[in-house]
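Enquirer: After the structure tokens below, expect a handful of questions from me.
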Amino acid sequence: MKLKGFRPCSGCSRLYATRKAYEASEPGRLNRAKKMLHLSVLLAALALFSQCGGPRYVSMEEVKKEQSVKLYLRNGKVEEGIVTGNSAAELTLISAADHQSHTYTATEISRVEPSATYYDYQAYPISNAEIEKYKSSRNAWAYGVGGAVVGGLVGLAINYPIWVANDDPPPLLGAGIGAVVGSIYFAARGIKKDQQIAVRQVRYLRERESELEQEKQSEEERLREIERQKEELRKKLEEKKKKGKGS
């Protein structure tokens, strides 16, 4: 809204005209493009950090089964392991200290944190080398491509009205920024999903290996028992033969 009787000073008018001329010039457009590029890098970094930095604390209701956690108890002790069951009133986990099941009530727990270490179903740690061995990039690529498409469309939708009103910046620049930010954000989610799938696979393979080992031990014990019974039967037959000869 213009004020009646108000006239800007000649110096301000010249400064405004100079600024508009600079913005319309090639260096001005390049400067705006650099600013938009810096903004896209900043947004991409924020998107990446938002995925890498998970929540430090979680409530008992948020804890999921098979999640690796660290429990800080009110008596000063710290328990770490894999969750096997939880509710609003209590939480059960296999401890990494003794590989036994322990149940703690909500009144015993001070706080719960996601553990930086993944554990198998017996609360033995899973190394990063094992995770990398079974981790694929399928979800990282799929999420990244999908994020680029979604981000590009969102950036185009946001930037197009601005371009129509001001003839700057070009719509494709906004679409490009959105595509970069979207691809990084969703690719980070895909990488995390690939990692979780690899962890589940390692857990399954270890559990299956443990089951096969138990079956092997049971079979060996059964064979030893058969051999023992055969040996007892052989001794009885020999004793019977000796008695028959003596009579």
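The values are calculated or read from the model by the stated rules, or taken from the named source; none is laboratory data. Just so you know, these numbers come straight off a predicted model, no measurement behind them. All Cβ positions, glycine included, derive from the backbone under ideal geometry; neighbour counts span all protein chains shown.
Enquirer: Do you know which residues across region 70-123 are closer than 20 Å to Arg200 by Cβ and outside any strand (DSSP E or B)?
Expert: Passing the criteria: Ala96, His99, Ser115, Ala116, Thr117, Asp120, Tyr121, Gln122, Ala123.
Enquirer: Under 9 Å by Cβ, and 6 or more places apart or on different chains, what pairs join a residue from region 59-81 that is of a type in the set (Val, Ile, Thr) with one that is at pLDDT below 90?
Expert: The qualifying pairs are Val63/Asn86; Val69/Val58; Val69/Val63.
Enquirer: From Ile191, Ile197, Ile226, which residue is among the aliphatic types (A, V, I, L, M), at pLDDT 85 or above and more than 49 Å from the chain's Cα centre (by Cα)?
Expert: That would be Ile226, the only listed residue that is among the aliphatic types (A, V, I, L, M), at pLDDT 85 or above and more than 49 Å from the chain's Cα centre (by Cα).
Enquirer: Can you tell me which residue among Ile197, Ile177 is within 27 Å of Gln122 (Cα to Cα) and touching a Ser or Thr at 6+ places or on another chain (Cβ under 8 Å)?
Expert: Ile197
Enquirer: Also, I was wondering about something else. In the set Val180, Val202, which member is assigned by TED's automatic domain parsing to the domain that holds Gly146, in contact with a strand residue (DSSP E or B) (Cβ under 8 Å, 6 or more places away or on another chain) and aliphatic (A, V, I, L, M)?
Expert: Answer to the check: Val202.
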